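The values are calculated or read from the model by the stated rules, or taken from the named source; none is laboratory data. As the structure is a computational prediction, the values presented were derived from the model and not from experiment. Methodologically, a virtual Cβ is constructed for each residue, glycine included, from the backbone with ideal geometry; neighbour enumeration extends over all protein chains shown.
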There are 2 protein chains.
Amino acid sequence: MPSLRQFLLSPRSVAIVGQSNDPTKAAGRPLKFLRQAGYAGRVFPINARRDEVLGERAYPSLAALPEVPEHAYIVTATDAAVEAVEECGRLGVKVATVLADGFAEAGPAGVAREAQLREVVQKTGLRLVGPSSLGVVNLREGVMLTANAALDEKDLPCGRIFVASHSGTMIGALLSRGKARHIGFAGAVSVGNEVDLSLGEICAASLDDPDIDGYVLFLETLRNADRLRAFALAAAGRGKPVLAYKLGRSAAARELAVTHTGALAGEDDVANAFLADLGIARVETFEALIEGLPLLMRVPARQRDARPPAVAVVTTTAGGATTVVDPLAMRGVTIAQPSAETFARLAAAGIKAAQARIVDLTIAGANYESVKATLDLLLSAPEFDMVLAVIGSSARSQPEKSVKPIIDSASAARPIAAYMVPDAPVALAQLASAGVPAFRTPEACADAIAAALRRRVPRLAGPQQAPAKSSAARLLDELEAYALLDGLGIARPPSIAIDATGSTPPALPFPYPVAAKILSADIAHKSDIGGVALGIADGGALVAAIETMRAAVARHGHHLARILVQPMISGLGEALIGYRVDRDVGPLVMAAAGGILTEIYRDRSLRLAPVDRDTAHEMISEVRGFQALAGHRGKPGGDLDALAQAIVALSRLADDPTVVEAEINPLIVRPAGQGVVAVDAVVKILV
Amino acid sequence: MPSLRQFLLSPRSVAIVGQSNDPTKAAGRPLKFLRQAGYAGRVFPINARRDEVLGERAYPSLAALPEVPEHAYIVTATDAAVEAVEECGRLGVKVATVLADGFAEAGPAGVAREAQLREVVQKTGLRLVGPSSLGVVNLREGVMLTANAALDEKDLPCGRIFVASHSGTMIGALLSRGKARHIGFAGAVSVGNEVDLSLGEICAASLDDPDIDGYVLFLETLRNADRLRAFALAAAGRGKPVLAYKLGRSAAARELAVTHTGALAGEDDVANAFLADLGIARVETFEALIEGLPLLMRVPARQRDARPPAVAVVTTTAGGATTVVDPLAMRGVTIAQPSAETFARLAAAGIKAAQARIVDLTIAGANYESVKATLDLLLSAPEFDMVLAVIGSSARSQPEKSVKPIIDSASAARPIAAYMVPDAPVALAQLASAGVPAFRTPEACADAIAAALRRRVPRLAGPQQAPAKSSAARLLDELEAYALLDGLGIARPPSIAIDATGSTPPALPFPYPVAAKILSADIAHKSDIGGVALGIADGGALVAAIETMRAAVARHGHHLARILVQPMISGLGEALIGYRVDRDVGPLVMAAAGGILTEIYRDRSLRLAPVDRDTAHEMISEVRGFQALAGHRGKPGGDLDALAQAIVALSRLADDPTVVEAEINPLIVRPAGQGVVAVDAVVKILV
């Protein structure tokens, strides 16, 4: 039975609604490109005012066609596009792709137009790409349903990589830049506003294609993250790697995403956590997105308990190698020195190289035999996970000496990557044509290697629980919040609620000194309004503190009925742990060093929730401020096992659809073996 | 009178000592390259075993030449190279460049060989480039004294940029990559080990060349920083910009620099401070080093009190523009929205563009008139310091529409930069040939723009005082250190020294509570051995504290004679300020938030000393931890003016050649208007 994949990417018949007779205009390009690419299916240009376009017969409307096309590319202006989609729905067209903009990004009228499109989809079963889609391309079959001027090419190379992008322009950038690097693609989709088919669904539809080996994603938002998640897990299951570039590392770029696509972009470390947990490798440089997949295909996703990866570097130029080692080290990749045994094997093979971290063949010389023998020895040395070859001048002048051995060694079990120091287009073309991961700049090389080595098998299986959207929520008071923590097994101090109006010291079940706090679900930031008193020494001081609080709360227009009293808890330090259901990615758990400096340094670690203990320990190791708890400078260490256990426990809130947000701040970290204690908690639940 | 510049870069006669008959070998290349480039001077190949090389007459020795050549390139093996240098000295050769390695990086024997070279230089006046130099190139005159295989090119483009590099390979990378981008160079020098002529001196020697407009430096270390400093100041005086890429951002790269060049590489933020204070723009990506200088030539170094620069972005593709805006914003560059007046002028010119931060011409269309009119309006708008044009598909398919207007507008007073989103070699070549700053990747574009806008006029004038090297030094005790602070005008608490053996409470000139500390120049880290007691409430407690300290000090094998007693000083927070004479760059002043977190977050700001108050305030604004002192979250602000004044005062130690190091930690920062107080100080002076 024909599938979405076929109608979307391999249609047997296509209509171009609004095809222009001017091939230099956007609306004139699809027919020109289809013919240029030799598309073998049936093509029906539709033009209401002409009966011929670009020398071919044009039809006045979809209804006038001799058959119902499988895929219609609608390149008319906005209002006509809505009408055309409605007609597609009526006629039973399988997939429509819409070029026009003027939808969600264009205010209320645009939002209303999107609703019209959505209604057609729901009522008729038509599947829609866009609006604001620069089109759908399947290079293998000449399906060029695109208005992208950058694809006006007669000889785009075919490959086994599929591209999906929120930005249509970037498809042209990827395909044209790939062509210049002899890197080909299988197909590409500009997903536009994702009114119906989302980026994740489109990619998922193509997973059965045996001629697609991997995916390159250009992301502007994490809109429809649930579909992206399902695709990523399915892709991992098939062993098809996914490489992503995501805009929005800066606040300025996130702001632009709103004006440009109408979509809100979340914080960047949320995106990082999401992509990493799903086994999607993320690069930071645009060129690594183009050059990176051949490497990713050769570097299996690491198991979570695997040793940290080690890279061997062999070079014909120490200075050139350092330009890659520097950005690699900045990204946390370890360049390991070969073992004594490996150096002995090199020496036995007649390779003269000093015992140093980088295997420098300057003395041995850039000749085929030296380079080949060295590569083969390093590729078989047990201490390495990857070999990086950095080739100097000979890459340009004599690639047969230094580049050919890389190609000839690239079938080894371990991956090899190559960076060419001078301009070396011939060598790069040879490497790319042989499928060897090769890089033109040191930064893209380091970026892609780091991304490939960071990639882990997805941590989560199956779809997430859908976040409850836009329901009303309320805060718990601190005692109610503690009841929730009790259920999760997170320790907190004994706490009693006392009447805030009493004037005699209450009897307490624990000794002084104590802490007293206003107890109210209406006040989220107690300490900001003078609602917290610490280190209260005796009953008289407690009564006085309560009086002061009552006055402070009254000044802020609240009535204070109850006070929470707890013993003072001391420890080696503090942590902040939090849970929330993110609008885009769903349940998240966070660990951070507490206090004002955490805010200043943005020092926190995030994961999709729930997490296990190993992952919680990983999170702890990523928070730099926790170094102070690790027994720094002779100080005793904190109970990081208990901290990890608390993170795991809090992350289990992902199983409780009523909890929207929970933050324990501070969580007191006591010395190793003595546990952690939550001394404040704010919890928000759905009502 | 002929100058060093002439003998070095424009010699009328050259000898190649050790010229081989095999042009594929390093020693065979210089003669081949000289002939290939059409060098017009006299060339004397020297080969002890042949009387003909590459079809030309060879001489048996330097002494056998019919004249003394001005410049000798010595391409023999190490020991023969030392002999050849000695012969050059004897004969009166002006400049010798040495290819061989095996010197300082090769252990004691190599160090001894360097000493031999240095002796020749001192005794004879010969000037030396290298050893380990891949050579000297002057492309305008065909002076190809190089063994770099990557320069085996017949048509290297000439330009007005001079290159100096610690790495010889990188010269080949720069020139070949420049050629591919249609960016030419005037000349290049691989400086090698800098036994005599340093990178700074070589560049300085070329400053009089009217055909050199700017400099590109590839740095592995800051060895000979005094010469680099003198060159940078002189270059700034001539308005010739300097762009640098420096290896060693990672510890791994700094370690490699030692094994590779024998030079120690200092901490990276020291290099950053040094380059910035001298007005040298630093880029982080290698491609920005190649593409960046045309931009730097058009962006004048900013005065230190100028307003923060603002960049306008105009684009034919919003998605593509965001790929540059994102890394720009990550580097702190502000993309400013045009003013209402500018938008009104755009509208009056018929340009349809939404009022947004990026001027998006998608609707107006990528046609010559729209792009040209928009550029001209933005280039003349008073709110901008630079205009960045980001061109989409048309850069590849129709550069006459979107790229030609950039070239035609580039003569405006304000600088313009261009980024091409698709692969667009023709457009990039047109832009480069017209001298318009143009970029191939979004990351290099953002890197170069940020570096150009960050560049300031040098903060210092004239040469620095040479640091006293390797003399013996001693620590001052705390009272002596306070005397030094008194001289600088930095406040500290009243302090008295008391006998550590007394058993009755001393009479104090200030009230309790007090702090007591061991007073000894022999113990630098008092608190680590229990030598500090804080918050002592009364005389009895003071006696007890002293007794405890005496025992603690005795356990560490010291005798405790005196105790320093001070009143307790409280404030809003703490700072650490420090001064030291760096091995490479000389006097430095540092500001950091105090405490353990500073170490963890590496949160500090450095400048060459001395600094003025504006610079001290800049330093304070760069330390993120000081945000907690700026009145964060409703808290009162600290006395940052007094903190700045203390930084200025400490930096004046640069005038005192006896002080090697001084650190005030902590400096207590009190509320605004109440000053700062140094409550501990460690000072090291030469003896």
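Can you name the residue in the range B:417-449 that is more than 9 Å from chain A (Cβ to nearest Cβ) and among the polar types (S, T, N, Q) and is also farthest from B:VAL283 (Cα to Cα) among such residues?
B:GLN430
Give the residue, chosen from B:GLU291, B:GLU287, that is touching a residue at least 60 places away in the same chain (Cβ under 8 Å), facing another protein chain (nearest Cβ under 9 Å) and of a type outside the set (Val, Ile, Thr). Explain how you work it out, then say what you get.
On the way: B:GLU291 fails: facing another protein chain (nearest Cβ under 9 Å).
Testing whether each residue is touching a residue at least 60 places away in the same chain (Cβ under 8 Å), facing another protein chain (nearest Cβ under 9 Å) and of a type outside the set (Val, Ile, Thr) leaves just B:GLU287.
Just one of the numbered conditions (1) farther than 26 Å from A:LYS154 by Cβ; (2) under 31 Å from the mean Cα position of the chain (by Cα); (3) touching a residue at least 40 places away in the same chain (Cβ under 8 Å) is not true of A:ASN138; which one?
Condition not satisfied by A:ASN138: (1).
Looking at A:VAL14, is it of a type in the set (A, V, I, L, M, F, W, C), touching a helix residue (DSSP H, G or I) at 6+ places or on another chain (Cβ under 9 Å) and surrounded by fewer than 23 Cβ atoms within 10 Å (Cβ to Cβ)?
Working: of a type in the set (A, V, I, L, M, F, W, C): yes; touching a helix residue (DSSP H, G or I) at 6+ places or on another chain (Cβ under 9 Å): yes; surrounded by fewer than 23 Cβ atoms within 10 Å (Cβ to Cβ): no.
Here the answer is no, as A:VAL14 does not meet what is asked.
In the range B:338-356, which residues are surrounded by 19 or more Cβ atoms within 10 Å (Cβ to Cβ) and either outside any helix (DSSP H, G or I) or in contact (Cβ under 8 Å) with a residue 60 or more places away in the chain (or both)?
Across the range B:338-356, the qualifying residues are B:PRO338, B:ILE351, B:ALA353.
Among the numbered criteria (1) under 22 Å from the mean Cα position of the chain (by Cα); (2) basic (Lys, Arg); (3) at pLDDT below 95, which one does B:ARG282 miss?
Unmet for B:ARG282, out of (1) under 22 Å from the mean Cα position of the chain (by Cα); (2) basic (Lys, Arg); (3) at pLDDT below 95: (3).
Which residues, taken from the range B:384-408, are assigned to a strand (DSSP E or B), touching a helix residue (DSSP H, G or I) at 6+ places or on another chain (Cβ under 6 Å) and within 14 Å of chain A (Cβ to nearest Cβ)?
Taking the range B:384-408 as the starting set, the residues that turn out to be assigned to a strand (DSSP E or B) are B:386-391.
Imposing the further condition that a residue be touching a helix residue (DSSP H, G or I) at 6+ places or on another chain (Cβ under 6 Å) reduces the set to B:387, B:389-391.
Those that are assigned to a strand (DSSP E or B), touching a helix residue (DSSP H, G or I) at 6+ places or on another chain (Cβ under 6 Å) and within 14 Å of chain A (Cβ to nearest Cβ): B:VAL390, B:ILE391.
Every residue, every condition in (1) under 15 Å from A:LEU126 (Cβ atoms); (2) at pLDDT 95 or above, yes or no:
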residue: A:LEU4; (1), (2): yes, yes
residue: A:LEU8; (1), (2): yes, yes
residue: A:LYS25; (1), (2): no, no
residue: A:LYS32; (1), (2): no, yes
residue: A:VAL53; (1), (2): no, yes
residue: A:ALA64; (1), (2): no, yes
residue: A:GLU83; (1), (2): yes, yes
residue: A:VAL93; (1), (2): yes, yes
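Going by the conditions given, is A:GLY573 surrounded by 16 or more Cβ atoms within 10 Å (Cβ to Cβ), closer than 30 Å to A:ASN272 by Cα and within 30 Å of the chain's Cα centre (by Cα)? Step through it out loud before you land on a result.
On the way: surrounded by 16 or more Cβ atoms within 10 Å (Cβ to Cβ): yes; closer than 30 Å to A:ASN272 by Cα: yes; within 30 Å of the chain's Cα centre (by Cα): no.
In short, no.
So which of A:ARG613, A:ARG624 is basic (Lys, Arg), within 14 Å of another protein chain (Cβ to nearest Cβ) and either crowded, with 21+ Cβ neighbours inside 10 Å or touching a residue at least 24 places away in the same chain (Cβ under 8 Å) (or both)? Quick ask: steps written out before the conclusion?
On the way: A:ARG613 fails: within 14 Å of another protein chain (Cβ to nearest Cβ).
Result: A:ARG624 is the single residue among A:ARG613, A:ARG624 that is basic (Lys, Arg), within 14 Å of another protein chain (Cβ to nearest Cβ) and either crowded, with 21+ Cβ neighbours inside 10 Å or touching a residue at least 24 places away in the same chain (Cβ under 8 Å) (or both).
Within the set of pairs 6 or more residues apart or between chains, which connect a residue that is aromatic (Phe, Trp, Tyr) inside the range B:511-531 to a residue that is surrounded by 15 or more Cβ atoms within 10 Å (Cβ to Cβ) and assigned to a loop (DSSP other than H, G, I, E, B) with Cβ atoms less than 9 Å apart?
Going by the 9 Å Cβ cut-off, the qualifying pairs are B:TYR512/B:MET568.
Any residue at all in the range B:103-111 that is crowded, with 24+ Cβ neighbours inside 10 Å and either in contact with a helix residue (DSSP H, G or I) (Cβ under 8 Å, 6 or more places away or on another chain) or part of a loop (DSSP other than H, G, I, E, B) (or both)? I'd like the intermediate steps shown before the answer.
Kept after step one, since they are crowded, with 24+ Cβ neighbours inside 10 Å, are these residues of the range B:103-111: B:103.
Subsequent filtering for residues that are either in contact with a helix residue (DSSP H, G or I) (Cβ under 8 Å, 6 or more places away or on another chain) or part of a loop (DSSP other than H, G, I, E, B) (or both) retains B:103.
Checking the range B:103-111: at least one residue is crowded, with 24+ Cβ neighbours inside 10 Å and either in contact with a helix residue (DSSP H, G or I) (Cβ under 8 Å, 6 or more places away or on another chain) or part of a loop (DSSP other than H, G, I, E, B) (or both).
So A:SER132 fits all but one of (1) farther than 19 Å from A:PRO45 by Cα; (2) without any contact (Cβ under 8 Å) to a residue 60 or more places away in the chain; (3) within 14 Å of another protein chain (Cβ to nearest Cβ); what number is the exception?
Among (1) farther than 19 Å from A:PRO45 by Cα; (2) without any contact (Cβ under 8 Å) to a residue 60 or more places away in the chain; (3) within 14 Å of another protein chain (Cβ to nearest Cβ), the lone unmet condition for A:SER132 is (2).
Report whether or not A:GLY557 is in contact (Cβ under 8 Å) with a residue 24 or more places away in the chain and more than 13 Å from chain B (Cβ to nearest Cβ). Talk me through it step by step, then tell me what you get.
Details: in contact (Cβ under 8 Å) with a residue 24 or more places away in the chain: no; more than 13 Å from chain B (Cβ to nearest Cβ): yes.
Against the criterion (in contact (Cβ under 8 Å) with a residue 24 or more places away in the chain and more than 13 Å from chain B (Cβ to nearest Cβ)), A:GLY557 does not qualify.
Which ones in the range A:600-638 are in a helix (DSSP H, G or I), of a type in the set (Lys, Arg) and on the phi > 0 side of the Ramachandran plot? Let's see the steps before the verdict.
From the range A:600-638, those in a helix (DSSP H, G or I) are A:600-601, A:613-622, A:624-629, A:632-634; that's our starting set.
From what's left, of a type in the set (Lys, Arg): A:613, A:624, A:633.
Of everything in the range A:600-638, just one residue is in a helix (DSSP H, G or I), of a type in the set (Lys, Arg) and on the phi > 0 side of the Ramachandran plot, namely A:ARG633.
Six or more apart or on different chains, Cβ atoms under 6 Å: show the pairs whose first residue is in the range B:205-221 and within 14 Å of chain A (Cβ to nearest Cβ) and whose second is basic (Lys, Arg).
What qualifies is B:LEU219/B:LYS246.
Let's see how each residue does on (1) surrounded by 24 or more Cβ atoms within 10 Å (Cβ to Cβ); (2) within 14 Å of chain A (Cβ to nearest Cβ); (3) assigned to a strand (DSSP E or B); (4) under 33 Å from the mean Cα position of the chain (by Cα):
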site	(1), (2), (3), (4)
B:LEU377	no, no, no, no
B:PRO382	no, no, no, yes
B:ALA451	yes, no, no, yes
B:GLU480	no, no, no, no
B:LEU485	no, no, no, yes
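If you scan the range B:506-540, which residues turn out to be surrounded by fewer than 18 Cβ atoms within 10 Å (Cβ to Cβ), assigned to a loop (DSSP other than H, G, I, E, B) and within 43 Å of the chain's Cα centre (by Cα)? Can you show your working first?
Quick first cut of the range B:506-540, residues surrounded by fewer than 18 Cβ atoms within 10 Å (Cβ to Cβ) only: B:506-513, B:521-522, B:524-525, B:527-530, B:532, B:534-535, B:537-540.
Subsequent filtering for residues that are assigned to a loop (DSSP other than H, G, I, E, B) retains B:506-513, B:521-522, B:524-525, B:530, B:537-538.
Scanning the range B:506-540 gives B:ALA521, B:ASP522, B:ALA524, B:HIS525, B:GLY530.
Could you list, in sequence order, the residues of the range B:74-97 that are farther than 14 Å from B:ASP196 by Cβ, not hydrophobic (A, V, I, L, M, F, W, C) and not in a helix (DSSP H, G or I)?
Matches in the range B:74-97: B:THR76, B:GLY92.
Given the conditions (1) surrounded by fewer than 16 Cβ atoms within 10 Å (Cβ to Cβ); (2) part of a helix (DSSP H, G or I); (3) under 44 Å from the mean Cα position of the chain (by Cα), which single one is not true for B:THR548?
(3)
Pull out all pairs, ordered by first then second residue, where Cβ-Cβ is under 7 Å, the residues are six or more apart or on different chains, the first lies in the range B:301-319 and is within 11 Å of B:ARG357 (Cβ to Cβ), and the second is part of a loop (DSSP other than H, G, I, E, B) and hydroxyl-bearing (Ser, Thr, Tyr).
So the pair list comes out as B:ALA318/B:THR362.
Do any residues in the range B:19-30 that are within 13 Å of chain A (Cβ to nearest Cβ) and without any contact (Cβ under 8 Å) to a residue 40 or more places away in the chain have Cβ atoms under 9 Å from those of residues that are crowded, with 24+ Cβ neighbours inside 10 Å and among the charged types (D, E, K, R), where the two are at least six apart or on different chains, and which pairs are they?
Close Cβ pairs (under 9 Å, with a partner that is crowded, with 24+ Cβ neighbours inside 10 Å and among the charged types (D, E, K, R)) amount to B:PRO23/B:ARG29.
Residues of the range B:136-169 being within 12 Å of chain A (Cβ to nearest Cβ) and in a strand (DSSP E or B), which ones?
So in the range B:136-169, the residues within 12 Å of chain A (Cβ to nearest Cβ) come out as B:146-153, B:156, B:165-169.
Hits for the range B:136-169 are B:THR146, B:SER165.
Looking at (1) within 12 Å of chain A (Cβ to nearest Cβ); (2) surrounded by fewer than 24 Cβ atoms within 10 Å (Cβ to Cβ); (3) touching a strand residue (DSSP E or B) at 6+ places or on another chain (Cβ under 9 Å); (4) hydrophobic (A, V, I, L, M, F, W, C), which is the only condition B:ALA180 fails?
(3)
Restrict the check to the range B:339-355 and report whether at least one residue is within 13 Å of chain A (Cβ to nearest Cβ) and in contact with a Cys (Cβ under 9 Å, 6 or more places away or on another chain). Walk me through how you get there before you give the answer.
Initial filter on the range B:339-355 (within 13 Å of chain A (Cβ to nearest Cβ)): B:353-355.
Adding the requirement that they be in contact with a Cys (Cβ under 9 Å, 6 or more places away or on another chain) leaves none.
No, the range B:339-355 has no match at all.
Where residues in the range A:401-429 are polar (S, T, N, Q) and buried (at least 21 other Cβ atoms within 10 Å of the Cβ), which of them is nearest to B:PRO425 (Cα to Cα)? It would help to see each step written out before you state the result.
At the first step, the residues of the range A:401-429 found to be polar (S, T, N, Q) are A:402, A:409, A:411.
Those left that are additionally buried (at least 21 other Cβ atoms within 10 Å of the Cβ): A:402, A:409.
Details: A:SER402: 27, A:SER409: 32 Å.
Residue satisfying both the conditions and the ranking: A:SER402.
Test each condition in (1) within 14 Å of another protein chain (Cβ to nearest Cβ); (2) more than 23 Å from B:ALA301 (Cα to Cα); (3) β-branched (Val, Ile, Thr); (4) surrounded by 21 or more Cβ atoms within 10 Å (Cβ to Cβ) for B:ILE335 and report the one that comes out false.
Among (1) within 14 Å of another protein chain (Cβ to nearest Cβ); (2) more than 23 Å from B:ALA301 (Cα to Cα); (3) β-branched (Val, Ile, Thr); (4) surrounded by 21 or more Cβ atoms within 10 Å (Cβ to Cβ), B:ILE335 violates only (2).
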